[in-house]
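Q: The structure under discussion is supplied below as structure tokens; questions concerning it will follow.
Read-outs: derived from the displayed coordinates by stated rules, not from any lab. Since we're looking at a predicted model, the values are computed, not measured. Virtual Cβ from ideal backbone geometry, glycine too; neighbours counted across all protein chains shown.
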Amino acid sequence: MSKIKQANWDAMEDGEIDATEQDDAEFYELTVLVQVDYDQTKFISDIDEELKKYCDMIWLFEDDGRKQLAYPIEDETEAYYYFWNVKGLKNRAKFENKLRRDKRVIRYLLIKEKVGR
């Protein structure tokens, strides 16, 4: 499934797919660091469901695996790193609030992408 999303993202960056022609949707990159104590499959499933509620499309998902943190965060020294690229995020504040309240999330970063502009 992620290979298809990667192919869509690559095609869009190469100009084969022009997602901006269809609408003026914005693209975002989401990075999430998750505590190692929790079921990672369940976490990914939960975030995918939330993204489907708030986004037009998930272009890419990448699991970067378990890594050592540069410094302890909330007494955690390791975390799982996950990345999503999404199109058309609606109600960003509400989505970020859900991430902030999720006890499994150590840190997250949600940034707007500049694609083809």
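Q: For the pair residue 52 and residue 64, how long in nm is the line joining their label points, each one 7 Å along Cα→Cβ?
A: About 2.6 nm, to one decimal.
Q: If you count, for each residue, the other Cβ atoms within 10 Å and average over each peptide, how do 86-93, 52-59, 35-42 line up from highest to lowest?
A: On the way: 86-93: 15.1, 52-59: 17.1, 35-42: 12.2.
Ranking, from highest mean packing down: 52-59, 86-93, 35-42.
Q: Quickly work out the residue 78-to-residue 101 label distance, labels modelled 7 Å from Cα along the C-beta direction, and quote it in nm with one decimal.
A: It works out to 3.1 nm between the two label points.
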